[in-house]
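A.B. asks: Okay, handing you the structure first.
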Amino acid sequence: MDVPYWGIRMLSVDSLAHHWSFAIYICGVVFICLFMLAIPVFMGGRSRGKAKTEPFESGIVSVGGARLRLSAKFYLIAMFFVIFDIEALFLYAWAVSVRESGWAGFIEALIFILVLLVGLIYIWRVGALDWSGSARRQLNK
């Protein structure tokens, strides 16, 4: 029964029931999140000591400072991995729908693979995959 009341549309019983169920769901999600955040406060250990506050990695006490200078190669290789890994995900989605896409989808996937191959050859020729830097030195000569 949608009757305007002071310019506000009244909600039907079904619509109101839908909104109440959504509100109960949201309240449940908030309660679960707050409960999971409160568990460590009540169940966590309270003892303090030198050994508890000292950082360690895999049971080994760290030596030296945490401010290490790493080569940008680590980040560059990680970015290349992420980029080419995401493309593999796109190809997997294409493989799932290969029958529906037909020859047009096959040609598009082939073009996609060729573009990836050209990109891989380019970063290989530039020397971005070379850890020693010898390829970069040869290009600069």
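A.B. asks: Residues TYR122, TYR75: which one is hydroxyl-bearing (Ser, Thr, Tyr) and at pLDDT below 90?
C.D. replies: Among TYR122, TYR75, only TYR75 is hydroxyl-bearing (Ser, Thr, Tyr) and at pLDDT below 90.
A.B. asks: With the structure loaded, tell me whether SER101 is at pLDDT below 90, in a helix (DSSP H, G or I) and polar (S, T, N, Q) or whether it fails that test.
C.D. replies: Yes: the conditions hold for SER101.
A.B. asks: ALA95 versus (1) exposed (fewer than 13 other Cβ atoms within 10 Å of the Cβ); (2) at positive phi; (3) not charged (D, E, K, R): which is the lone unmet condition?
C.D. replies: Condition not satisfied by ALA95: (2).
A.B. asks: Output the residues belonging to the stretch 102-127 that are surrounded by 14 or more Cβ atoms within 10 Å (Cβ to Cβ) and farther than 14 Å from PHE84 by Cα.
C.D. replies: Across the stretch 102-127, the qualifying residues are GLY105, ALA109, GLY127.
A.B. asks: Just one of the numbered conditions (1) surrounded by 10 or more Cβ atoms within 10 Å (Cβ to Cβ); (2) touching a strand residue (DSSP E or B) at 6+ places or on another chain (Cβ under 9 Å); (3) charged (D, E, K, R) is not true of GLU54; which one?
C.D. replies: (1)
A.B. asks: Another one. Yes or no: the stretch 56-64 includes at least one residue that is in a helix (DSSP H, G or I) and not small (Gly, Ala, Ser).
C.D. replies: Scanning the stretch 56-64 turns up no residue that is in a helix (DSSP H, G or I) and not small (Gly, Ala, Ser).
The values are calculated or read from the model by the stated rules, or taken from the named source; none is laboratory data. Keep in mind that what you see is a predicted model, and the values were worked out from it rather than measured. For neighbour counting, all protein chains shown are included, and Cβ atoms are generated from backbone atoms with ideal geometry for every residue, glycine included.
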